[in-house]
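Quick notes on the structure that follows.
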Amino acid sequence: MASEETPTMTQTPIRTESAPEAKTAPTRAWAVRLMIVGIVLAALNLRPAITSLGALLEEVRDGLGMSGSVAGLLTSVPPLCFAIFGVMAPRLARRFGPGAVVCAGMAAIAAGLVIRPFTGSTVGFLVASGLALMGIAVSNVLMPVIVKRWFPDRVGSMTGLYSMALALGTSLAAAVTVPMTDALGGNWKTGLAVWAALAVAAVVPWVPLVRERGAEGGTTAGTSQQDDGLRITRSRTAWALAVFFGLQATAAYITMGWMAQIFRDAGVSAGTAGVLLAVTMAMGVPLAFVIPRLATRLPSQGPIVIALGVCGLAGYAGLYLAPSGGAWAWAILLGISNCAFPLALTMVGMRARTGTGVAKLSAFAQSTGYLISIPGPLLVGVLYQHSGGWGVPIALMAALMVPQIVVGVIAGRNRTVEDEAAPADAA
């Protein structure tokens, strides 16, 4: 893919009026290729901090003497950190450039992952986890910005590429953390810390990009001028996209946290339940590449939203009626439905014209969306405990899919936030 896109992309990242094109073109071609590597490596690091911990949570609890309530809190910390720290990303990007912030984010992930297993206390573990999650949060927000600025005519393919890498990193950490820990001597501290190596590798391609200022995508002053008066909260599309992002994240976190238990309670063995969850997560690897490419070719993304929502409704209906009988079918259907995430990321890049607009929309949609997603997994657990079964929780999951479809269709309309949230003096 790089060989096909590079000739076109060499025209887009940074335009310098003083340097002759003959001198800048080789640098641009080199920078674009390195940028593709940087995007893929960064995306691979956006979830292992979470899914590797989930695989070893019982060992971490025993090793740190962590209470059940604190362990439960850990499951809610990621979306909370994404919401809080994600808001900071546009301001940091205006000050230092988006590439520099992503580079620092990868360094924060590496530092947090290597420190947290060896703090020796629950508080230290939480603080170090927060450092890693802060790096993930700002990178989450700025990846669509970098794609929009460097690859404006390849938003679908590049969003698909890093969405696929993100899904691969998610499922890889969930699948190999335990066997890798066993191979390294069975120490959970080593099993968690080893993922810092992947984050260190992700820093490497960003350093020369930042030195060349090729990852900045523009000047600080120019970005600040564009930012004046653009109030993202005035945009109905921004609100619809934020709610869509939040509801799809709710479904994803509920799936990751509870689907295996649903199958086990239905009589499926623990090993098979784990494989079913892995299948659900692995569906995102190929589809995360296909869906964004398809989305950018359509004037409206509503049909894709509806198709994914129907798959989700069918999967929940199957879990309710015959959880063990059609377990593999329900796992696949819910895996398809969870691909609303790469679709949401693609729409972030499509619903804004400028780099500043993408930055503000990405920060607003992701921060608001992750806040919306926090209560979902906790509410499912409460309903399961008080109802004594999975009927009511599954009904809630299915009910949430309906507004997800509605706001997704609204967010998928062919319009931009700049049109809806233009400065008052521009009217």
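The values are calculated or read from the model by the stated rules, or taken from the named source; none is laboratory data. From a predicted model like this one, the values you see are computed outputs, not experimental measurements. Methodologically, a virtual Cβ is constructed for each residue, glycine included, from the backbone with ideal geometry; neighbour enumeration extends over all protein chains shown. When the accessible area is computed, the model is the full protein with side chains, heavy atoms only, and any ligands, DNA or RNA have been set aside. Shrake-Rupley method; radii C 1.70, N 1.55, O 1.52, S 1.80 Å.
From the phi angles alone, apply the Karplus equation (6.51, -1.76, 1.60; θ = phi - 60°) to region 386-391 and give each ³J(HN,Hα) in whole Hz, x where the residue is Gly or Pro.
Here the 3J(HN,Hα) series is 8, 8, x, x, 9, x Hz.
Given a 10 angstrom Cα cut-off, can you work out which residue in PHE96, PHE289, PHE82 is the most mobile in a GNM of the chain?
The residue with the greatest mean-square fluctuation here is PHE96.
Please give the helix 21-44 orientation as an angle from the longest Cα principal axis of the chain, in degrees from 0 to 90, rounded to the nearest 10.
Result, in degrees: 10.
Could you work out the relative contact order of the chain, using alpha carbon pairs under 8 angstrom and six or more residues apart, expressed as a whole percent?
Across the chain, relative contact order equals 24 percent.
Quick one, which of (i) 21.3, 71; (ii) 22.6, 71; (iii) 25.7, 89 is the actual Rg and Dmax of the Cα atoms in Å calculated for this model?
Recomputing Rg and Dmax of the Cα atoms in Å here picks out (i).
7 Å from Cα along Cα→Cβ at both GLN261 and ASP153: what's the point-to-point distance in nm?
Roughly 5.1 nm, to one decimal.
What is the dipole size for the chain, taken about its Cα centre, with +1 at each Lys and Arg Cβ and -1 at each Asp and Glu Cβ, in debye to the nearest 20?
620
How much of LEU333 can a 1.4 Å solvent probe reach, expressed as accessible area in Å² and rounded to 10?
In the full protein context, LEU333 sits at about 40 Å².
Once the Cα atoms of helix 196-211 and of the chain are each reduced to a long axis, what angle between those two axes, in degrees from 0 to 90 to the nearest 10, is obtained?
10
Enter the Cα centre distance for the pair region 165-182 and region 325-398, rounded to the nearest angstrom.
One Cα centre to the other: 21 Å.
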